[in-house]
Amino acid sequence: MSDRQVASSLRMIVLIIVSLFAASLPAAAQAVRITFVRLTSAAHDAYLDPMTAAFEKANPAVAVESIKVPTGGYEAIAARALLSAAAGTAPDVVQVGWHLTRTFVESGRAVALDAFMKADRAFANDSLLPAMLELGKVDGRYYLVPIGISTPAMFINEEAFLKAGLDPKIPPKTWAETRAAAERLKAAGFEGVLWGWSITGNWIFQTMLESAGGRMASDDGFTVTFNREPGVRVAEYLADLAANKLMPVTDQTVQLFSSGRLGMLIDSSFQRVNLPRASKFPVRMVSIPTPDGRPGRLPAGGNGVMVLSQDVTRLQAAWRFSRFVTEPPVSRIVGENSGYTPANQSVIAALRKQYATDANFQTQLTDASRVVPWHSWPGPNGARIAQILRDAQQAFLLGRKAPKAALDEAAAQVTPLLKP
Amino acid sequence: MSSSLAGQAALPGARLRRQANLTRYLVGYLFILPAFIFFVVFKFGAVAYLIPLSLADWRLGSTTRAFVGVGNYRKLIVSPEFWNALSNTGIYTVAVGGLSIALGLVLALALRRAGRLQGLYQAVFFLPVAATMSAMAVVWRFIFDTNIGVLNALMRAAGMEPLSWLQDNRLAMAAVVLVGVWSNMGYTMVLFLAGLTTISRDLHEAAAIDGASAPRQFWSITWPLLSPVTLFVVVIMTLRSVQAFDSIKVLTDGGPLGATQVLSHLLYRVGFQYFDTGFASAISVVFFALLAGVTLLQMRAERLVHYQ
Amino acid sequence: MSAGVLHAFIIVMALLTLFPFLWMAGTSLKSPEEVFRPGVHLIPANVTWGNYGTALRKVPLWRFLLNGTIVAGGVLALQLLVIIPAAFAFARIEFPGRDLMFVLVLAALVVPGYVTSVPNFLLLSGLRLTNTYWALVLPFVGSAFGIFLLRQFFRQIPGEILDAALIDGCNTVRLLWNVLLPLVRPAIAAFAVFSVVTHWNDFFWPLIVIQSTHLYTPPAGIAYFADSDGGANWGAVMAASGIIITPLIIMFVAARRQFIESLAHVSLKG
């Protein structure tokens with residue numbers, strides 16, 4: 001460990017000990033204000049707003065100021081939170097996508113929560129899905145408390161399918177089948193398929209890459225491998241779809257689908273609740289197509305909360321908020337109001353039983369059980385790297401660059417940013 | 001015997017005068033002090049601080065700061081992002097500056113003959129300048145929308161293929177330039193109008209009597225006498241265009257694929273989204289040099305210009 | 001060129017200039033279905049006022065306008081406090097080094113905003129002032145342009161008035177207040193318009209220093225709304241844009257000449 005890490009660890013330990021001690025004191029009479037940096041959109045507000053309200057109701061001494069970040073996804077939240085932290089006004093709780101956990105930890109701002117988890121008897125970590133808890137672990141310490149995970153999934157506009165002569169109950173399972181379905185949809189006057197290339201953190205690209213047998217980088221994370229043959233295969237497939245107008249090149253995924261003009265959307269299972277609500281036609285959610293139809297690797301999307309507080313009283317309140325996120329009432333809010341699979345096992349079991357006839361929900365729960373980690377870039381340049389990859393995809397989708405050239409250039413740009 | 005000077009100093013009147021002078025000096029310094037405190041802190045000090053910042057490899061929030069000398073500048077020179085931003089800024093400045101100056105001049109000349117309605121028209125053309133750019137850029141974003149924007153609707157109605165104005169990297173710059181010209185046309189027009197009013201009508205009447213046609217009058221009388229105003233307008237428009245940010249941020253956020261990324265936007269992204277403070281400082285220094293260069297050119301050009 | 005053609009040209013250009021405003025107003029009165037209707041219809045078939053309600057519910061527009069007022073007003077107030085004495089001193093008080101100091105003022109005039117943004121941000125975060133009104137106000141209080149402008153006016157005041165006041169026994173401060181200010185009021189008005197418009201419309205700086213929605217100024221607020229989920233509801237977004245531009249448009253319509261004077265002619269005379 002470097003000197004800096006030792007110093008910051010010691011600081012954390014002292015802070016944690018002091019605040020655990022403070023926890024044993026009676027609650028302060030004044031209201032404590034904690035700041036919570038989070039996403040916002042119809043889909044995200046559906047679980048975050050009730051969650052925040054429920055917390056404030058259960059903890060009248062704590063007020064939560066939500067700092068909502070509307071665009072830019074998890075990268076924008078990380079930028080906001082780290083900028084504030086650097087400016088001396090660190091937010092207390094931050095909603096962090098799995099792939100950025102490392103970025104926060106390496107910035108030295110994240111508070112390790114192990115001590116809190118052990119000392120706080122109200123934290124029932126044995127009722128949480130172990131796999132999910134593990135996703136929040138970096139270098140052997142827990143930093144992130146899970147809200148929920150999502151998986152890549154395909155949404156089908158049933159009306160469009162029927163008009164195109166396709167059967168929504170027999171969805172495409174391979175990339176080739178997807179292409180064929182898109183052609184039928186295009187002939188019927190719809191936009192064919194939109195693979196969510198623009199989704200935060202290059203998540204869909206990674207999913208397709210891993211299903212094709214590739215990886216974003218080597219095991220140590222310092223050698224880029226996304227421009228090898230599997231990556232080129234993914235890029236060529238997508239570029240071909242775009243060139244033949246079978247895939248519109250846009251980042252307005254939800255808007256385009258809910259307007260009824262798009263036949264198939266590959267997005268996050270998270271949209272399971274929001275998309276049908278926003279659409280005036282039946283929506284079916286199925287597993288994401290893979291190159292050969294066999295079940296592929298599903299990187300876990302979703303997020304959790306991390307604590308960045310440096311102030312002792314606020315640290316306590318921030319921990320209480322984080323813990324609250326895993327309790328059954330909130331897990332239920334998350335599970336019902338969004339397509340995230342929450343962390344609480346008993347809640348998952350209850351939901352599975354309650355919604356036995358909801359095909360979309362069953363797909364989500366089944367897929368959720370076989371997730372793999374979302375790739376996390378080492379070092380502080382996660383946001384910049386995500387932008388480079390996004391630009392590369394846009395380049396070959398718009399036909400400005402050849403797929404292989406675009407990926408190679410991106411690899412060349414990303415490699416120096418990974419310096420250990 | 002004391003010298004006359006010492007003798008003078010000894011006189012009570014001289015002492016009072018000295019005291020009066022001192023008080024006056026004190027008042028003078030006191031009056032300018034607050035302003036200068038702000039200048040030193042937020043302007044001169046800031047610019048000075050840029051130098052050490054740009055010479056270090058430092059990221060906002062990091063605790064390590066390594067001195068890299070001209071490393072950031074070297075990174076700048078080989079950075080395709082930087083040259084892209086510079087070239088985009090140049091294209092944008094020339095296009096928006098040139099078009100808004102040309103249109104502004106034409107409108108000003110036309111409005112001179114508009115008689116009583118001149119005031120009303122002035123107001124109409126100046127409206128885009130008065131309206132908050134960020135809000136109007138949102139309106140333009142809607143107008144340019146590929147699917148439901150009115151521009152494409154008009155094109156469809158005219159039988160043309162709709163275009164992806166803001167998502168196609170070949171068209172985005174044109175869209176952004178259009179908005180830039182729209183918002184600056186009234187500004188240049190007003191400046192030219194003010195300049196035109198200073199040109200005495202007698203000159204035109206005399207020329208008309210001599211048989212000079214309208215275009216001839218323009219080139220021989222109007223244009224030369226307008227040159228101080230024209231110079232001023234060119235400088236102002238250059239400075240405004242080089243620093244354009246609001247409309248571009250809202251319309252395209254520098255994209256697609258960096259097609260509309262100008263220097264101000266690059267600075268924002270590198271400095272406040274990627275936190276590469278050292279690199280951003282180097283960009284700021286270059287930006288400063290650019291703007292200082294323009295101002296110096298202005299002073300040089302002033303000597304070549306006619307004054308009435 | 002005939003007057004008719006000229007007039008037609010002016011009218012066409014005027015309509016093109018007004019078009020975005022008209023389209024914004026028209027769309028703000030359309031229902032969501034109408035917004036998606038193919039074809040070009042400026043005036044909605046069914047006028048709906050609901051969009052304004054939606055916009056006000058989705059984002060705190062009043063708060064944004066209030067913030068704009070606080071920031072623009074705060075900046076102006078502090079600027080006047082600082083620049084009036086300075087301009088007076090440069091215009092009418094003889095003290096050693098005055099000319100050199102004035103050259104420094106001219107130098108400050110040339111320093112562009114973007115260039116100082118990184119260092120100023122670092123300074124304000126060091127002082128823990130980011131995400132506050134102070135961050136939006138302090139960097140702009142020292143207005144070199146204001147000093148430059150007011151100095152011109154102060155110089156034009158005939159010396160006799162000052163001498164007469166001095167004979168009457170006013171000390172310098174009362175002199176300033178009772179005699180000079182009324183005389184330079186037009187210049188102050190011109191500067192005030194320029195300052196308020198500039199700082200109300202500032203987008204770059206609030207984007208950097210403000211993280212909380214409730215502190216957003218109007219430009220940052222409307223951009224936030226357009227980027228958010230609600231941004232897909234174009235009717236509401238157009239309504240919000242309309243609300244955001246209204247204060248300055250009202251100011252413009254009420255004092256058109258003054259407005260144009262300030263933004264354009266003032267710099268011309270300089």
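Extension gain A:R261-A:E106, at 0.36 nm per residue separation less the Cα-Cα distance, in nm?
Separation in residues times 0.36 nm, less the Cα-Cα distance, equals 51.5 nm.
What number in nm² do you get for chain A if you take the convex hull of its Cα atoms and divide its surface by four?
Projected area, direction-averaged: 19.5 nm².
Name the most mobile residue of C:G142, C:G231, C:G39, meaning the one with the largest mean-square fluctuation, in a Gaussian network model of chain C with Cα contacts below 10 Å.
C:G39
Label A:V312 and A:K404 with points 7 Å out from Cα along Cα→Cβ: what is the distance between them in nm?
6.3 nm
On a straight-distance basis, which lysines could pair with A:K353 in a cross-link, Cα separation under 23 angstrom, same-chain partners fewer than 8 positions away excluded?
A:K169
Which of A:A410, A:V93, A:L275 sits closest to the plus end of the dipole of chain A, meaning its Cα is farthest towards the positive end, when Lys and Arg get +1 and Asp and Glu get -1 on the C-beta?
The residue sitting farthest along the positive end of the dipole is A:L275.
Between C:L183, C:L248, C:L150, where does the largest GNM mean-square fluctuation fall for chain C, given springs only between Cα atoms within less than 10 Å?
Top of the fluctuation ranking is C:L183.
State to the nearest 20 debye the size of the charge dipole of chain C about its Cα centre, where the only charges are +1 on K and R beta carbons and -1 on D and E beta carbons.
With Lys and Arg at +1 and Asp and Glu at -1, about 160 debye.
Find how many whole Å separate the alpha carbon centroid of region C:94-157 from the alpha carbon centroid of region A:319-358.
What the calculation gives is 55 Å, centre to centre.
Going through the cross-link list A:K245/A:K401; A:K186/A:K245; A:K68/C:K58; A:K173/A:K280; A:K419/B:K75, which pairs have a Cα-Cα distance over 19 Å in this structure?
Violating the 19 Å Cα-Cα cut-off are A:K173/A:K280.
Only Cα pairs under 8 Å and at least 6 apart count here; give the relative contact order of chain C as a rounded whole percent.
31 percent
Quick one: if the Förster radius is 30 Å, what FRET efficiency do A:A31 and A:S127 give, using the C-beta to C-beta distance and rounding to 0.05?
Calculated value: 0.50.
Using mean Cβ contacts within 10 Å as the protection proxy, how do A:86-98, A:278-290 order, highest first?
A:86-98, A:278-290
Measure nothing fancy, just the Cα-based angle from helix C:117-126's long axis to the longest principal axis of chain C, in degrees from 0 to 90, nearest 10.
80 degrees
Positive end of the charge dipole of the protein assembly as shown (Lys, Arg +1 and Asp, Glu -1 on Cβ, about the Cα centre): tell me which of C:P85, B:A259, A:T253 has its Cα farthest that way.
Going by the charge dipole, the pick is C:P85.
Taking each residue in C:119-130, count the Cβ atoms of any other chain within 10 Å of its Cβ, then average. What number comes out?
Other-chain Cβ atoms within 10 Å of each residue's Cβ, averaged: 6.
By how many degrees, 0 to 90 and rounded to 10, does the Cα axis of helix A:359-368 deviate from the longest principal axis of chain A?
Relative to chain A, helix A:359-368 is tipped by roughly 60 degrees.
Within region A:183-204, list the residues whose amide N lies under 19 Å from a label point set 7 Å along Cα→Cβ of A:F281.
The answer is A:183-196, whose backbone nitrogens lie closer than 19 Å to the label point.
State whether region B:72-304 is rounded, prolate or oblate according to the following rule on the C-alpha gyration tensor (a ≥ b ≥ c being the square roots of its eigenvalues): a/c under 1.5 gives rounded; otherwise a/b larger than b/c gives prolate, and the remaining case gives oblate.
Since a/c reaches 1.5 but b/c is at least a/b, the shape of region B:72-304 is classed as oblate.
Taking H as built 1.01 Å from N, whose amide H comes closer than 5 Å to the amide H of A:D358, not counting residues under 5 places away?
For A:D358, whose amide H was placed from the backbone, there are no distant partners under 5 Å.
Grab the beta carbon distance between A:D292 and C:W49, set R0 = 41 Å, and tell me the FRET efficiency rounded to 0.05.
0.15
If I require 30 Å or longer along the helix axis, counting alpha carbons, and a Kyte-Doolittle average no lower than 0.5, what helices from chain B are left? Use full DSSP H segments.
Helices meeting the span and hydropathy rule in chain B are B:12-39, B:80-112, B:172-197, B:277-302.
Please list 3J(HN,Hα) in residue order for region A:311-323, calculated via the Karplus relation 6.51 cos²θ - 1.76 cosθ + 1.60 where θ = phi - 60°; whole Hz, with x for glycine and proline.
8, 4, 5, 6, 4, 4, 4, 5, 5, 4, 5, 4, 5
Cross-link partners among aspartates and glutamates for A:K163, C-alpha distance below 20 Å, same-chain residues fewer than 8 apart left out?
A:E177, A:E183, A:E191
Which one of A:F222, A:F205, A:V32 has its Cα pushed farthest toward the positive end of the charge dipole of chain A, where Lys and Arg give +1 and Asp and Glu give -1 at the Cβ?
Working it through, the farthest residue towards the positive pole turns out to be A:V32.
Does a label point 7 Å from the Cα of B:R112, set along Cα-to-beta-carbon, have any residues of region C:1-17 with amide nitrogen under 19 Å, and which are they?
Answer for region C:1-17: C:1-11.
In region A:302-374, which trypsin sites (Lys or Arg not before Pro) are in a loop and have at most 14 other Cβ atoms within 10 Å, using DSSP for the loop call?
Of the trypsin sites (Lys or Arg not before Pro), the ones in loops of region A:302-374 whose Cβ has at most 14 other Cβ atoms within 10 Å are A:R370.
When the convex hull of the C-alpha atoms of chain C is computed, what volume per residue in Å³ does it have?
That works out to 198 Å³ per residue.
Compute the Rg/Rh shape ratio of the protein assembly as shown: radius of gyration over Kirkwood radius, all on alpha-carbon atoms.
That ratio equals 1.01.
Total Å² of accessible surface buried at the B-A contact, 1.4 Å probe, nearest 100?
1600 Å²
Can you give the FRET efficiency to the nearest 0.05 for A:A58 and B:A48, using r as the Cβ-Cβ distance and R₀ = 60 Å?
0.70
Can you compute the label reach from B:I37? Point 7 Å from Cα along the Cβ direction, backbone N cut-off under 12 Å, restricted to region C:44-85.
Of the residues in region C:44-85, C:82 have backbone N under 12 Å from the label point off B:I37.
Only Cα pairs under 8 Å and at least 6 apart count here; give the relative contact order of chain B as a rounded whole percent.
27 percent
Share of antiparallel DSSP beta bridges in the protein assembly as shown, in percent to the nearest 5?
65 percent
Add -39500 (n - 2.57) for each DSSP H run of 4 or more in the protein assembly as shown, then divide by its residues: what number comes out at 222 nm, to the nearest 500 deg cm²/dmol?
Theoretical 222 nm ellipticity from helices: -19000 deg cm²/dmol.
Quote the relative contact order of chain A in percent (integer), defining contacts as alpha-carbon pairs under 8 Å separated by 6+ residues.
Once normalised by length, the contact order is 25 percent.
Once a ≥ b ≥ c are taken as the square roots of the eigenvalues of the Cα gyration tensor of region A:63-204, is the result rounded (a/c under 1.5), prolate (a/b larger than b/c) or oblate (a/b not larger than b/c)?
Because a/c hits 1.5 or more and a/b exceeds b/c, region A:63-204 counts as prolate.
Between C:L66 and B:A292, how many nm apart are label points set 7 Å from Cα along the C-beta direction?
The two pseudo-label positions are separated by 4.4 nm.
Label-point separation (nm) for B:L231 and A:R141, each offset 7 Å from Cα along Cα-to-Cβ?
6.5 nm
In region A:139-257, carbon and sulfur make up what percent of the accessible area (probe 1.4 Å)?
49 percent
Let's see if you can work this out: charge +1 on each Lys and Arg Cβ, -1 on each Asp and Glu Cβ, no other charges. What is the dipole magnitude of the protein assembly as shown about its Cα centre, in debye to the nearest 20?
It comes to approximately 1120 debye.
The values are calculated or read from the model by the stated rules, or taken from the named source; none is laboratory data. Note that the structure is predicted; figures quoted are calculated from it, not measured. All Cβ positions, even for glycine, are placed from backbone atoms using ideal geometry, and neighbour counts span all protein chains on display. Just the protein is used for accessible areas: all its heavy atoms, side chains included, with ligands, DNA and RNA removed. Shrake-Rupley method; radii C 1.70, N 1.55, O 1.52, S 1.80 Å.
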